[in-house]
Amino acid sequence: MPDCLYIEMHPQNPNPRDVDRVVAVLKRGGIIIYPTDTVYGIGCDIKNTKAVERIIKLKGLKPKEAHFSFICKDLSNITDFAKVNNPTFKLMKKNLPGPFTFILPGLHRVPNYFLSKRKTVGIRIPNHKIPIELVERLGNPILTTSLKDSDEIIEYTTNPEQIYENYHNLVDVVIDGGACGNVPSTIVDCTEDEPLIIREGLGELRL
């Protein structure tokens, strides 16, 4: 991989050439830092095992404990990777795209790193053009995990220039999409009869 690229993108109108540059890196097994509608995330192509393992190491996790979420381009894309019943589909349609992570029963197509012991998977469709464009051009979902700050008070780094300073030796691309927030997504478990919020975040769930 080449030295880390720092690419500025308009959050709602990213340059297609810049998107293609990042997608080329993802296809080569690169890992990227990118903005979402909540906090900056770190990710890769979910089908590239070596790239996923790099992120596991970067995050200081054990492989068997590393269950990440991933970003899909739209609701039709979700059904390729998870079981979605009608009530859950209606709930997701009301709230996506948006700042939510939905926990769903995973299908066999999902790589093992993304399945919990309960065989569930976390899926996001953020309300942010950059990650959606990346997934669209790549043709696969991308891994998403929040970029934690070493400062427990700040918790999430919001400044892309500071992110580049901290991570340029560890990742292949940092996308500057402007300052993000510092509140993560709301996590909704949809594996039982009734949806259960297991982490209160930015999103306010509409039932």
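The values are calculated or read from the model by the stated rules, or taken from the named source; none is laboratory data. Computed from a predicted model, the values in this text were never measured in an experiment. Note: ideal-geometry Cβ built from the backbone for every residue, glycine included; neighbour counts use all protein chains shown. Each accessible area value is taken on the protein alone, full model and side chains, heavy atoms only, with ligands, DNA and RNA left out. Shrake-Rupley method; radii C 1.70, N 1.55, O 1.52, S 1.80 Å.
Looking at 166, 127, 159, just one residue is open to solvent by 30 Å² or more (accessible area, probe 1.4 Å) and touching a residue at least 24 places away in the same chain (Cβ under 8 Å), and that residue is 127. With the structure loaded, tell me whether residue 33 is outside any loop (DSSP other than H, G, I, E, B) and under 27 Å from residue 189 (Cα atoms) or whether it fails that test. Against the criterion (outside any loop (DSSP other than H, G, I, E, B) and under 27 Å from residue 189 (Cα atoms)), residue 33 qualifies. Can you pull out the residues in region 180-199 that are open to solvent by less than 60 Å² (accessible area, probe 1.4 Å) and assigned to a strand (DSSP E or B)? Those that are open to solvent by less than 60 Å² (accessible area, probe 1.4 Å) and assigned to a strand (DSSP E or B): 186, 187, 188, 189.
Checking each residue in region 59-76 for being open to solvent by 20 Å² or more (accessible area, probe 1.4 Å) and either over 19 Å from residue 141 (Cβ atoms) or under 16 Å from the mean Cα position of the chain (by Cα) (or both) picks out 59, 60, 61, 62, 63, 64, 65, 67, 69, 73, 74, 75. Taking the criterion of being in a loop (DSSP other than H, G, I, E, B) and closer than 21 Å to residue 170 by Cβ, the residues of region 1-30 that qualify are 1, 2, 3, 4, 9, 28, 29, 30.
Matching residues to (1) at pLDDT below 95; (2) assigned to a helix (DSSP H, G or I); (3) among the β-branched types (Val, Ile, Thr); (4) within 24 Å of residue 173 (Cβ to Cβ):
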{"position": "42", "(1), (2), (3), (4)": "no, no, yes, yes"}
{"position": "47", "(1), (2), (3), (4)": "yes, no, no, yes"}
{"position": "51", "(1), (2), (3), (4)": "no, yes, no, yes"}
{"position": "56", "(1), (2), (3), (4)": "yes, yes, yes, yes"}
{"position": "61", "(1), (2), (3), (4)": "yes, no, no, yes"}
{"position": "64", "(1), (2), (3), (4)": "yes, yes, no, no"}
{"position": "77", "(1), (2), (3), (4)": "yes, yes, no, yes"}
{"position": "80", "(1), (2), (3), (4)": "yes, no, no, no"}
{"position": "87", "(1), (2), (3), (4)": "no, yes, no, no"}
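Candidates are the residues of region 111-124 that are of a type in the set (S, T, N, Q) and surrounded by fewer than 19 Cβ atoms within 10 Å (Cβ to Cβ); the one that is nearest to residue 65 (Cα to Cα) is 116. Looking at this structure, is residue 108 in contact with a Pro (Cβ under 7 Å, 6 or more places away or on another chain) and either open to solvent by less than 60 Å² (accessible area, probe 1.4 Å) or farther than 23 Å from residue 205 by Cβ (or both)? No: the conditions fail for residue 108.
Results for (1) touching a helix residue (DSSP H, G or I) at 6+ places or on another chain (Cβ under 8 Å); (2) free of Cβ contacts under 8 Å to residues at least 40 places away in the same chain; (3) open to solvent by less than 10 Å² (accessible area, probe 1.4 Å), shown as yes or no for each residue.
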residue	(1), (2), (3)
4	yes, no, no
13	yes, no, no
19	yes, no, yes
22	yes, no, yes
31	yes, no, yes
39	no, no, yes
42	yes, no, yes
50	no, yes, no
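Cβ separations smaller than 6 Å between residues 6+ apart or across chains give the following pairs from region 76-91 residues that are more than 24 Å from residue 204 (Cβ to Cβ) to residues that are open to solvent by 20 Å² or more (accessible area, probe 1.4 Å): 81/107; 81/109; 83/105.
The condition of being more than 27 Å from residue 18 (Cβ to Cβ), out of contact with any helix residue (DSSP H, G or I) (no Cβ under 9 Å at 6 or more places or on another chain) and either open to solvent by 30 Å² or more (accessible area, probe 1.4 Å) or not hydroxyl-bearing (Ser, Thr, Tyr) (or both) holds for residue 87. Would you mind stating whether residue 137 is more than 19 Å from residue 114 (Cα to Cα), basic (Lys, Arg) and part of a loop (DSSP other than H, G, I, E, B)? Criteria not met by residue 137. Cβ-Cβ distances below 7 Å connect the following pairs, each with a first residue in region 60-73 that is within 14 Å of residue 118 (Cα to Cα), a second residue that is assigned to a strand (DSSP E or B) and of a type outside the set (Val, Ile, Thr), and a separation of six or more residues or different chains: 68/143.
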